[in-house]
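The values are calculated or read from the model by the stated rules, or taken from the named source; none is laboratory data. Values in this document were obtained by computation on a predicted structure and should not be read as measured data. For neighbour counting, all protein chains shown are included, and Cβ atoms are generated from backbone atoms with ideal geometry for every residue, glycine included.
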Amino acid sequence: MIEPVLSVQQINKHFGVLQVSKDVSLDLLPGEIHALIGPNGAGKSTLIQQIAGGLKPDSGRVILGGHDVTQLDTVARSRRGLARTFQVSALAMEDTVLQNALLGALGASGNPFRIWGSAVRKSGLRTIAEQALDRVGLADQAHTVTAELSHGQRRQLEIAVALTLSPKAFVMDEPMAGLGTQGSRTLTGFLDTLREQAPILMVEHDMEAVFALADRISVLVYGQLLATGTVAQIRDNEAVQQAYLGTDT
Amino acid sequence: MNREALLNILLLCVLLAVPVWAHTAEEPFIITLVTRALILSIAGVGLNMALGQGGLVSLGHAMFFGLGGYSMGILASHAQTYTPLFEWPILLEGSNSMPVIWITAIVVSGFAALITGALSLRTSGVYFIMITLAFGQMFYYFAVSWPAYGGDDGLSIYVRNEFPGLNTLDPIQFFAIVFVLLIIVLALAAAVARSPFGLALNAARQSQARVEAVGISPFRLRLFVYVLSGMVTALAGALFADLNRFVSPSMFSWQTSGEIMVFVILGGVARLCGPVVGATVFIALEHFLGGLSDYWHIYLGILLLVIVLFARGGLVGLVAGKQQAHD
């Protein structure tokens with residue numbers, strides 16, 4: 001049996017009387033892209049928050065690389081190899097593209113408290129940062145101020161920062177959000193190559209991208225997992241069609 | 001070399017040249033005036049490390065300024081009266097050595113910053129401002145009610161403390177000490193800004209979620225800079241007390257915290273020499289306008305209003321232009 005890299009086990013979460021996660025369990029296997037889909041308000045982002053450490057579940061466990069990380073915060077989970085990208089880009093907008101990528105490399109180095117030497121000239125960090133920028137196609141924008149990037153380029157930079165962490169797993173919250181058709185196709189092609197480095201759990205509304213990329217899809221409705229399966233299984237699932245995908249007729 | 005770097009060098013040359021001229025012209029008052037501006041600059045540079053790089057709007061930095069002052073006052077008063085600070089568990093004597101006093105001020109303030117920072121940095125925004133203000137006022141009232149060291153009246157030190165090889169009572173020699181310390185502090189601030197730590201701290205100011213997502217704790221970054229900032233401000237406090245040969249609870253007051261913040265905002269938040277410009281302009285206005293009217297703060301208020309509304313980069317930003325991200 002293949003050991004999952006990331007495992008969510010019977011997660012429950014309430015906000016007051018509203019239950020936003022109901023006994024949610026899912027796995028992320030090595031080399032796979034696992035898409036989490038569902039209508040707005042289904043609790044996808046809340047689940048991502050619980051996986052990334054921004055929210056603590058009321059019950060259930062999150063296992064990363066065989067270790068229980070349920071009680072750990074975002075910082076500790078990141079150190080254990082969870083790389084996250086955000087639905088709305090969270091970047092240091094006043095800094096350059098290279099500085100943002102360097103920040104990731106610095107986090108991965110585990111020693112951000114050095115007050116001597118230049119961050120930019122530290123060759124080890126810079127090499128990692130430049131390689132990540134090169135991989136996402138932002139090498140020629142390295143010295144551009146991040147605020148001047150287009151929306152699509154900011155999404156690319158988010159992924160570059162995640163790459164610098166050399167993670168065990170990627171967790172991506174709507175990576176295609178706001179991208180045009182062409183941008184979405186380009187990113188789809190890139191994410192397809194990324195799975196070789198680490199598996200990806202991604203929340204996504206762009207069904208073309210989901211069907212092109214996902215090895216498995218989990219459908220979340222009202223905080224509850226409706227189904228998990230391959231693209232074909234999910235497409236043919238009547239309950240999923242009624243709740244989210246709709247029918248062709 | 002960019003425009004701001006040139007401006008900084010020019011500014012430091014002027015601040016060096018004026019006292020040298022005053023020395024040859026036998027105008028010790030001018031030397032003391034510039035020395036005062038430089039000491040307040042050091043306090044401003046200290047606050048700017050936390051405020052400019054870390055985005056920490058601390059309204060309690062007078063706490064560190066006062067701790068620096070009282071470190072000097074307490075050590076020097078015991079040295080003058082030949083009485084130990086305490087005899088148990090170890091015998092601890094006073095000191096009139098400036099380096100010993102500076103190290104004491106830095107260590108005491110660093111410890112105070114660690115404790116107060118660990119508590120106050122769990123809040124943010126207006127709550128952080130209020131809790132730092134509260135800590136500052138706590139020290140203020142403690143100093144007021146501490147009769148052993150002068151209470152409300154403060155504590156006079158009759159002879160300026162000593163520095164090996166120099167006559168600290170000579171205004172130009174004391175100025176030289178302060179000038180060198182200012183250069184060291186500026187070098188430290190510049191090194192921090194360009195270091196890996198500075199990169200992470202600056203990013204934490206812009207996006208806490210981003211820094212957390214790469215495995216760096218924003219709380220630890222901020223605590224580190226808060227302690228560093230408190231230590232630098234304490235050094236200024238020790239020098240200020242030595243300049244005046246007097247310490248009083250007013251060094252702890254919220255007005256002092258406000259003045260240090262005015263230096264930073266006036267000169268330019270996150271600009272290396274912003275606090276130096278701010279403190280120098282403040283002292284110049286106090287000297288020139290203070291001679292004309294007791295209400296000179298009105299003019300300072302108008303200037304501050306103009307700067308905040310029309311020159312967000314402060315006076316440095318006005319002259320050197322907007323700060324650009326660069327690597």
Inset, instruction - Determine whether B:LEU228 is within 14 Å of chain A (Cβ to nearest Cβ) and assigned to a helix (DSSP H, G or I). - result: yes
Inset, instruction - Determine, yes or no, whether A:GLY117 is at pLDDT below 95 and out of contact with any His (no Cβ under 6 Å at 6 or more places or on another chain). - result: yes
Inset, instruction - Sort out which residues of the stretch B:113-132 are buried (at least 20 other Cβ atoms within 10 Å of the Cβ) and not β-branched (Val, Ile, Thr), and write them in order of number. - result: B:ALA113, B:GLY117, B:SER120, B:LEU121, B:PHE128
Inset, instruction - Filter the stretch B:204-224 for residues that are more than 9 Å from chain A (Cβ to nearest Cβ) and surrounded by 24 or more Cβ atoms within 10 Å (Cβ to Cβ) and give the result. - result: B:ARG222
Inset, instruction - Kindly check whether there is at least one residue in the stretch A:140-154 that is in contact with a Ser or Thr (Cβ under 7 Å, 6 or more places away or on another chain), more than 16 Å from A:GLU196 (Cα to Cα) and charged (D, E, K, R). - result: yes
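If only one of B:LEU201, B:LEU304 is surrounded by fewer than 24 Cβ atoms within 10 Å (Cβ to Cβ) and in contact with a Leu (Cβ under 9 Å, 6 or more places away or on another chain), which one is it?
Answer to the selection: B:LEU304.
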Inset, instruction - Inspect all residues belonging to the stretch A:28-43 and state whether any of them is crowded, with 17+ Cβ neighbours inside 10 Å and within 14 Å of chain B (Cβ to nearest Cβ). - result: no
Legend entry - Filter result (part of a loop (DSSP other than H, G, I, E, B), under 25 Å from B:VAL20 (Cβ atoms), within 23 Å of the chain's Cα centre (by Cα) and not hydroxyl-bearing (Ser, Thr, Tyr)) within the stretch B:120-169: B:ARG160, B:ASN161, B:LEU169
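The rows are residues; the columns are (1) crowded, with 24+ Cβ neighbours inside 10 Å; (2) in contact with a helix residue (DSSP H, G or I) (Cβ under 8 Å, 6 or more places away or on another chain); (3) within 24 Å of A:ALA227 (Cα to Cα).
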site	(1), (2), (3)
A:LYS13	no, yes, yes
A:GLY16	no, no, no
A:HIS67	no, no, no
A:ARG77	yes, yes, no
A:VAL88	no, no, no
A:MET93	no, yes, no
A:THR96	no, yes, no
Inset, instruction - Sort through B:GLY165, B:GLY154, B:GLY125, B:GLY136 and tell me the only one that's touching a residue at least 40 places away in the same chain (Cβ under 8 Å), at positive phi and away from chain A (no Cβ under 14 Å). - result: B:GLY154
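Which of the following residues is β-branched (Val, Ile, Thr) and more than 28 Å from A:ILE63 (Cβ to Cβ): A:VAL75, A:VAL161, A:VAL97?
On inspection, the qualifying residue turns out to be A:VAL97.
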